[in-house]
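The values are calculated or read from the model by the stated rules, or taken from the named source; none is laboratory data. Please read these numbers as outputs of a predicted model, since none were measured by experiment. Every residue, glycine as well, gets a Cβ built from its backbone with ideal geometry; the counts of neighbours run over all protein chains shown.
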Amino acid sequence: MKLITSGEVQLGLYREEHLEILNRFELPENQAKFTALPKEKVAVSDGQYRVVILSKDVPVGFFLLHSTKRVSEYTTNYHAMLLTALSIDYKHQGKGYAKQAMLALKAFITTHFPDCNEVVLAVNHKNIPAQQLYLKVGFVDTGERKIGKIGEQFILKLKIK
């Protein structure tokens with residue numbers, strides 16, 4: 001597995017050795033309502049890829065990439081992937097890991113999913129820290145909106161190539 005590095009973090013595809021630490025991730029309630037903990041996403045189906053954010057070989061974050069039919073709910077681009085369930089374990093927050101991981105996303109996608117030319121995601125309108133993070137690392141607001149489980153979501157995209 002090829003790791004993609006940005007600052008102090010590396011992005012890599014999930015391996016069984018990550019499971020124990022991922023299962024111990026915690027988030028405060030005000031964050032947990034916007035995402036899923038890794039232990040809720042360990043079992044995945046075809047077209048879903050678990051990505052682990054590592055610092056010094058220790059999992060500090062996690063997200064999913066989808067190349068399933070679900071992507072079509074967010075874009076008409078057949079070469080796009082959907083990013084969901086981004087989280088940084090609470091004890092590792094405030095160290096810039098999420099930003100570094102998202103800055104490494106283009107290189108990670110290019111390396112592991114060369115046919116992908118765009119990443120899309122939905123971020124809740126009340127989740128201001130996540131919106132700021134995504135916009136800071138190059139995602140743009142498509143102007144599209146979707147109603148999710150807890151309200152309006154902004155659809156953002158990141159051009160890969």
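The rows are residues; the columns are (1) touching a residue at least 40 places away in the same chain (Cβ under 8 Å); (2) among the aromatic types (F, W, Y).
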{"position": "Q48", "(1), (2)": "no, no"}
{"position": "Y78", "(1), (2)": "no, yes"}
{"position": "G94", "(1), (2)": "no, no"}
{"position": "A130", "(1), (2)": "yes, no"}
{"position": "G138", "(1), (2)": "no, no"}
{"position": "F154", "(1), (2)": "no, yes"}
{"position": "K159", "(1), (2)": "yes, no"}
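For region 74-92, give me each residue that is part of a strand (DSSP E or B) and either more than 16 Å from E40 (Cα to Cα) or not aliphatic (A, V, I, L, M) (or both). Can you show your working first?
So the first thing to find is which residues in region 74-92 are part of a strand (DSSP E or B), and the list is 80-88.
Selection gives A80, M81, L82, T84, S87.
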Checklist entry - Across region 74-95, which residue is farthest from the chain's Cα centre (by Cα) among those that are surrounded by 14 or more Cβ atoms within 10 Å (Cβ to Cβ) and hydroxyl-bearing (S, T, Y)? => result T75
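Say we look at region 6-34 and pick out the residues that are of a type in the set (S, T, N, Q) and surrounded by fewer than 14 Cβ atoms within 10 Å (Cβ to Cβ); which of these is farthest from L54 (Cα to Cα)?
Applying the first criterion (of a type in the set (S, T, N, Q)) to region 6-34 yields 6, 10, 23, 30-31.
If we keep only those that are surrounded by fewer than 14 Cβ atoms within 10 Å (Cβ to Cβ) too, we end up with 23, 30.
Working: N23: 15, N30: 24 Å.
Filtering first and then ranking leaves N30.
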Checklist entry - Which residues, taken from region 139-161, are within 24 Å of G12 (Cβ to Cβ) and surrounded by fewer than 16 Cβ atoms within 10 Å (Cβ to Cβ)? => result K159, K161
Checklist outcome for this item: Expected single match for aliphatic (A, V, I, L, M) and either on the phi > 0 side of the Ramachandran plot or within 13 Å of the chain's Cα centre (by Cα) (or both) among V119, V140 is V119
Next on the checklist: assigned to a helix (DSSP H, G or I) and crowded, with 18+ Cβ neighbours inside 10 Å: which single residue out of V71, V51 fits that description?
Outcome noted: V71
Checklist entry - Would you call V60 within 14 Å of the chain's Cα centre (by Cα), in a strand (DSSP E or B), over 22 Å from A32 (Cβ atoms) and of a type outside the set (F, W, Y)? => result no
Item to check | Candidates K69, K95, K56, K99, filtered to the one that is of a type in the set (D, E, K, R) and closer than 22 Å to K146 by Cβ | outcome: K69
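If we keep just the residues of region 1-33 that are β-branched (V, I, T) and closer than 14 Å to A101 by Cβ, which is modelled with the highest pLDDT?
Of all residues in region 1-33, those β-branched (V, I, T) come to 4-5, 9, 21.
Then drop every residue that is not closer than 14 Å to A101 by Cβ, which leaves 4-5, 9.
Numbers: I4: 84, T5: 82, V9: 95.
Top of the filtered list is V9.
Which ones in region 122-137 are over 20 Å from V9 (Cα atoms) and under 13 Å from the mean Cα position of the chain (by Cα)? Quick ask: steps written out before the conclusion?
First, the residues of region 122-137 that are over 20 Å from V9 (Cα atoms): 122-128, 131.
Matches in region 122-137: A122, V123, Q131.
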Item to check | Out of K146, K161, K95, sole residue that is over 20 Å from V44 (Cα atoms), part of a strand (DSSP E or B) and either at pLDDT 95 or above or charged (D, E, K, R) (or both) | outcome: K146
Checklist entry - Looking at H66, H125, which one is surrounded by 17 or more Cβ atoms within 10 Å (Cβ to Cβ) and modelled with pLDDT of 95 or more? => result H66
